[in-house]
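The structure under discussion appears below in the form of structure tokens.
We did not get these values from a lab; they are worked out from the coordinates using the rules stated. As the structure is a prediction and not an experimental result, all values here were calculated from the model. As a convention, Cβ positions derive from the backbone with ideal geometry for all residues, glycine included, and neighbour counts pool all protein chains shown.
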Amino acid sequence: MGGVDFTTSRLAAASLNLSEATQLFGVPIGRKYIQRVAVLQAVEKFAHLYGHRALRLHPLRGDRTGQYAITLTGNYRLIIERTSEETVRILSVEDYHGD
């Protein structure tokens, strides 16, 4: 896909630098974040993400319709939205059991 946009500069920086990622998310989540962003950049089309079972990509519902979640570790997930068949925007990393 190659086309990955970020909602914040911190998310963009964390995708390029393990030190930034671990500072922002901690070691295990930071490592997975970098791996998942690499997968997003490597696939040609959004639909190809469904072929990567480890991602556990799934659409969100309700007020989050149009957004998708990818599993990072445990309760943590990467929230993305598809902006085109070749581009996604990374919205956040969240603990879906938090709050």
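Observations, loosely collected:
- Cleavage-rule hits, chymotrypsin sites (Phe, Trp or Tyr not before Pro), the stretch 38-99, DSSP coil, Cβ neighbours within 10 Å at most 13: TYR96
- Note on GLU81 and ALA42: the model spin-label points, each 7 Å out from Cα along the C-beta direction, lie 2.8 nm apart.
- Comparing mean-square fluctuations of THR73, THR87, THR65 from a GNM of the chain with C-alpha springs under 10 Å, the top value falls on THR65.
- Amide H to amide H distances under 5 Å link GLN67 with LEU60, where only residues 5 or more positions off or on other chains count and H is placed in the peptide plane.
- Of all the options ARG53, ARG31, ARG77, the one that moves most in a Gaussian network model of the chain with Cα springs shorter than 10 angstrom is ARG53.
- Estimated purely from DSSP H runs of n ≥ 4, each contributing -39500 (n - 2.57), the mean residue ellipticity at 222 nm for the chain is -9500 deg cm²/dmol once divided by its residues.
- Alpha-carbon geometry of the chain: the Rg and the Dmax are 12.5, 35 Å, given in that order.
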